[in-house]
Every structure is written in structure tokens, then in C-alpha cells.
Amino acid sequence: DQALFYIQRPARSTSEIVWKILKESGKRPGHKAALGLLAGIISDTGRFKRASPEAFAAASELLAAGGFDYEEALEALSLPPDLSQRIAVLKAASRSRFERQGDWLVAWTTVNSFEGSACMALKEMGADVALVAGMHGGKVRISGRSSREAARRGLNLAEVLSRTAKEFGGEGGGHRSAAAMEAAGDPAAILDACRKKVASSLLWEPEL
């Protein structure tokens, strides 16, 4: 009975939603909190490549609220990865597989941790779409990343991973080009289901 529900139209980052809630409740974040929220916006929007006018407005307000400049926010995102993260990414790359779907390259792999970092690495290596699976607490967690061109072509990773998660009794979501899901089951089977949906979306031709 005391649950609090907050309904927000689609935003480009979770940080935008948190910032709006803080403003509406009259709360003013401190330096570290504002810096963290801005770093979240920068990260989720691909350094503003996928930003909306609302995201730019929130970023400007957070700069003023936190009393820091944009360079400091970028530095917060530029910390070098630790050794365990680098090892996980290299292992993911070494065991990765890929296939060509038309003019698109789809890569997938498994790791024990750092799925998001492994996704970004595969994308930077040339994949248009990267899918990485890992096990966490008995559940399969899959992260997905795609190029902006693939998203423009019609691929929506949030929809792909959300649909797959429901098929396996889990949950998923995110953005068109960056999403994640978690469900119970066989990692290979869930990863394969995601891969097939990605392929179908990339090869779909709209009716003229």
C-alpha cells in the first residue's frame, strides 16, 4: 500500500529520470552525485551521439548543480580498466564467434563477468552487433550492443532482449543500441535465441 510508482516517458538514460525525480522533490545533489548522474548520461547516450534535447538540458543543469566542468565528467569515465576486466575482455574476444547477415557482422561470446565491456570491445573490433552472455547467481545475463547504423536499419536491441527474456521467464530492456536481459536457462540456448532475432531484424525488408 505504501509503494511509490513513478511513470516516465522514454528517456535516453536512467540518470535523466533520477535527475527529474530529484528536481521535482526539491533535492539538490552534491558534487559527487551530480558528477555520477552526468557520467551516466554521457555513457548511456554514447557521449551524446544518441542524446535528445532533454538529455542536453539535464546535462547542463547537472553541470550547474554540481559546480564542475564537462572535462571533469569525462575524466570520471576515463579510468583505465583493472586487470581482471582486461583479462575478461581478452578471453571473450578469443572465444568469440561471428556470422555475416547480409552486409552486417554479428558477433557473440561468453564471459564470467564484464559482459558490457566485452560487448563494447567486440563492437570496436568491427562487429555491427555484439551479444555477450555470462552466469550470475544461477541466472544468465546477456548484454547487447549495436552500431548506430544497425539501429537505424531497424534493429532494436531493447525489444530483442526483452522478447527473449520473456520467452525464458526473465526480464530485459534498455535502449535501441544498448540493452541487457537476465533469465534462467542454458546460456547457449538463450544466446542463440537472441542471435536469431537479431539476424531476422537485420535482414527484414520493409514493404514499399
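The values are calculated or read from the model by the stated rules, or taken from the named source; none is laboratory data. Note that the structure is predicted; figures quoted are calculated from it, not measured. Note: ideal-geometry Cβ built from the backbone for every residue, glycine included; neighbour counts use all protein chains shown.
Per-residue answers, yes or no, for (1) among the hydroxyl-bearing types (Ser, Thr, Tyr); (2) in the same structural domain as Val132 (by TED's automatic domain parsing); (3) touching a residue at least 60 places away in the same chain (Cβ under 8 Å):
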residue: Glu149; (1), (2), (3): no, yes, no
residue: Arg152; (1), (2), (3): no, yes, no
residue: Asn156; (1), (2), (3): no, yes, no
residue: Leu161; (1), (2), (3): no, yes, no
residue: Thr164; (1), (2), (3): yes, yes, no
residue: Glu167; (1), (2), (3): no, yes, no
residue: Gly170; (1), (2), (3): no, yes, no
residue: His175; (1), (2), (3): no, yes, yes
residue: Ala180; (1), (2), (3): no, yes, yes
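Does any residue of segment 18-29 turn out to be surrounded by 13 or more Cβ atoms within 10 Å (Cβ to Cβ), over 17 Å from the mean Cα position of the chain (by Cα), aliphatic (A, V, I, L, M) and within 28 Å of Glu124 (Cβ to Cβ)? For segment 18-29, residues surrounded by 13 or more Cβ atoms within 10 Å (Cβ to Cβ), over 17 Å from the mean Cα position of the chain (by Cα), aliphatic (A, V, I, L, M) and within 28 Å of Glu124 (Cβ to Cβ): absent. Among residues that are in contact with a Leu (Cβ under 6 Å, 6 or more places away or on another chain) and of a type in the set (A, V, I, L, M), Ala179 is included.
The lone criterion from (1) touching an Asp or Glu at 6+ places or on another chain (Cβ under 8 Å); (2) surrounded by fewer than 20 Cβ atoms within 10 Å (Cβ to Cβ) left unmet by Asp186 is number (1).
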